[in-house]
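Notes follow the structure.
The values are calculated or read from the model by the stated rules, or taken from the named source; none is laboratory data. Since this is a predicted model, take the numbers as computed values, not measurements. Note that we place each Cβ from the backbone using ideal geometry, even for glycine, and neighbour counts take in every protein chain shown. Note: accessible area is taken over every heavy atom of the protein model, side chains too, but ligands, DNA and RNA are not part of it. Shrake-Rupley method; radii C 1.70, N 1.55, O 1.52, S 1.80 Å.
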Amino acid sequence: MFSWMNKTKEVHHECFDTVIEGLKSIYKYKMFPLEQHYLFHEFHSPPLNDADFDAKPLILLVGQYSTGKTTFIKYLLERDFPGMRIGPEPTTDRFIAVMYGENEGVIPGNALVVDPKKQFRPLSTFGNAFLNRFQCSMVKSPVLKGISVIDTPGILAGEKQRIDRGYDFIGVLQWFAERVDRIILLFDAHKLDISDEFKRSIEALRGHDDKIKIVLNKADMINSQQLMRVYGALMWSLGKVFQTPEVVRVYIGTFWDQPLRYDSNKQLFEDETQDLFKDLQCLPRNSALRKLNDLIKRARLAKVHAYIISELKKEMPNIFGKEHKKRELIKNLPVLYEKIQQQYSISQGDFPDVKKMQELLTKYDFNKFHSIKPRMLEEVDAMLRSDIAQLMAMVPNEYSGDADVEIRGGIFENVGDNLSPFGYRRGEGINAGYGEVEWIVNKDRKTYDNIFDRLSNSTTKISGSMAKEELLKSKLPNTVLGKIWKLADIDQDGFLDRDEFALAMHLVNVKLDGGDLPRYLPDHLIPPFKKSSNYPHD
């Protein structure tokens, strides 16, 4: 430990080649000594190793049994994976890490936690009861080159959840929550009841709210009216559990490849699927930023922990009444929190849970705690002030234009489909008419030409003032109409001919139908006789 501390001054952030290498270095030389000195790892979280920083983005799936967690993974990969079982009963009885591997197969938990290339070594502290229920499924899927997925056992009800598992289920969830990039809570549209066990599991994820997404799965199994009621009931239940004024984002859909039972909400499901998978697509690109964020949260907690431990050490008597004083200090820990908060101007949200801290403190001899060491805290402050800021500045440059960080394969190929007629929004809105021989605007050309003839008084073009009154009938904002005019005025002469006016009216209708306007006019919307124009387009 002390050799690391002596090397601190030799570490320079400007020498870091990557953000990840920088994170490894500042953690090892600036944070770890503080954590070790004040027993942070025994109270909060095991030490980080290189594999934690090098790991691909992780997605943690949590939910009650039969909510579709395993099916969701199959949907992502578009294939089965070793060890997969699907059924209406609680089929997944273990934690399964689904990761990329050239040689497919299953790695048992005991072998997995001794692999230095994997980030799971600290899980050995949960004992054989957990390791016998932990495995890694190696799958040669291109999706898993960008992300890894953790499938979890379905949350059970009653004493089965707390006792029969034989290991600290909530503790394992918390360990994963600290290290994953995204936590997806799945709900079945037919089973919205949040049991006490599921509630405790969700509460264990507190502090990681920025990682949590909610998925209402199997939504095609109910009709539109039922879906509206189910969505409202879910939002009410989530509000009781999360206890926050903000509305939680819920993705509604059916994440499997079977025919929809009720297809009246098909467009809604497609929109929600796009939103969710765009979020997942961003995980590799934002992974370094997430690790930066988690390290900052850990540093703030480590500082507060150091203040708590050193204050307890200072309050202990030298000779007599140690046990009595220890009990008194533990009982009055909330008062100690307030004292530290005021003395060091620390936010209340940075303090660990007081009840959990009281429970942990009963196991320790306070006389073995260390007094405050300002130099260690100054190193962490300097890290937060300088090193982290410099690494933040490196993030945009490191991943800009890097195609290797995109998730490829599996469902991601079809979600981003821009070629087939079944791609997202193909043939709708601004994309209507793509790939067709006939110019899409001609479908309503007779109506548009009649309006043009009325406005033009037999001239070949109409001015802006002549077209304005007609376009204003759409009740669209002037900013939107101005954009439509610029897109339709192909030759940019300030007038609209017959084709350009028809195009403007088509764009107005696209917007009125809820579509978005493009930045540049797509090729399939350019009037046929103007294809040779130098007008900028996609």
| query | With all protein chains present, how much of the accessible area of region 204-291 (probe radius 1.4 Å) comes from carbon and sulfur, to the nearest whole percent? | reply | 54 percent
| note | With label points set 7 Å from each Cα along the Cα-to-Cβ direction at K314 and S474, the distance between them in nm comes to 6.8 nm
| note | For the chain, the dipole about the Cα centre with charges only on Cβ (Lys and Arg +1, Asp and Glu -1), to the nearest 20 debye, works out at 1780 debye
| query | Okay, helix-only estimate at 222 nm for the chain: each DSSP H run of n ≥ 4 adds -39500 (n - 2.57), divide by all residues, round to 500 deg cm²/dmol; what do you get? | reply | -13000 deg cm²/dmol
| query | Taking the Cβ of L289 as the center, what net charge do the other residues with Cβ under 12 Å away carry, scoring Lys and Arg +1 and Asp and Glu -1? | reply | -1
| message | Quick check for you: with a 1.4 Å probe and neighbouring chains kept, what is the accessible area per residue of the chain, in Å²? | response | 50 Å²
| task | Using the structure shown, list the pairs from K69/K199; K28/K363; K28/K117 with a Cα-Cα distance above 21 Å, or answer none. | result | K28/K363
| Counting only Cα, what are the radius of gyration and maximum Cα-Cα distance Dmax of region 468-538, in Å? | 11.5, 33
| request: Report, ordered by chain and residue number, the lysines lying within cross-link reach of K473, taken as a straight Cα distance under 27 Å and ignoring same-chain residues fewer than 8 apart. | output: K443, K446, K461, K483, K486, K511
| request: Any chance you could give the angle, 0 to 90 degrees and rounded to 10, that helix 478-488 forms with the longest Cα principal axis of the chain? | output: 60 degrees
| Whole-Hz couplings from phi, Karplus 6.51/-1.76/1.60, listed for region 209-219; x for Gly and Pro | 4, 5, 8, 8, 10, 9, 10, 8, 8, 6, 6
| query | Under a Cβ-Cβ cut-off of 13 Å, what is the net charge of the residues other than F351 that fall near it, where Lys and Arg count +1 and Asp and Glu count -1? | reply | +2
| remark: In degrees rounded to 10, the 0-90 angle between helix 498-512 Cα long axis and the longest Cα principal axis of the chain is 40 degrees
| request: Report, to the nearest 10°, how far helix 224-242 tilts away from the longest principal axis of the Cα atoms in the chain, using its own Cα long axis and a range of 0 to 90°. | output: 30 degrees
| query | Between D93 and Y520, what is the label-to-label distance in nm when each label sits 7 Å out along the Cα-to-Cβ direction? | reply | 6.0 nm
| task | Mind checking region 252-338 for chymotrypsin sites (Phe, Trp or Tyr not before Pro) that DSSP puts in a loop (not H, G, I, E or B) and that have at most 11 other Cβ atoms within 10 Å? | result | F320
| note | Read-out volume of the Cα convex hull per residue in Å³, candidates (1) 161; (2) 175; (3) 208; calculated match is (3)
| Sulfur and carbon atoms: percent of accessible area, region 443-538 [1.4 Å] | 51 percent
| field | Protein accessible area in region 25-183, 1.4 Å probe - carbon and sulfur % | value | 50 percent
| By the scheme Lys and Arg +1, Asp and Glu -1, what is the net charge of all other residues having a beta-carbon under 14 Å from that of L123? | +1
| message | Of A129, L361, N217, which is farthest towards the positive pole of the chain's charge dipole, taken about the Cα centre with +1 and -1 on the beta-carbons of Lys, Arg and Asp, Glu respectively? | response | L361
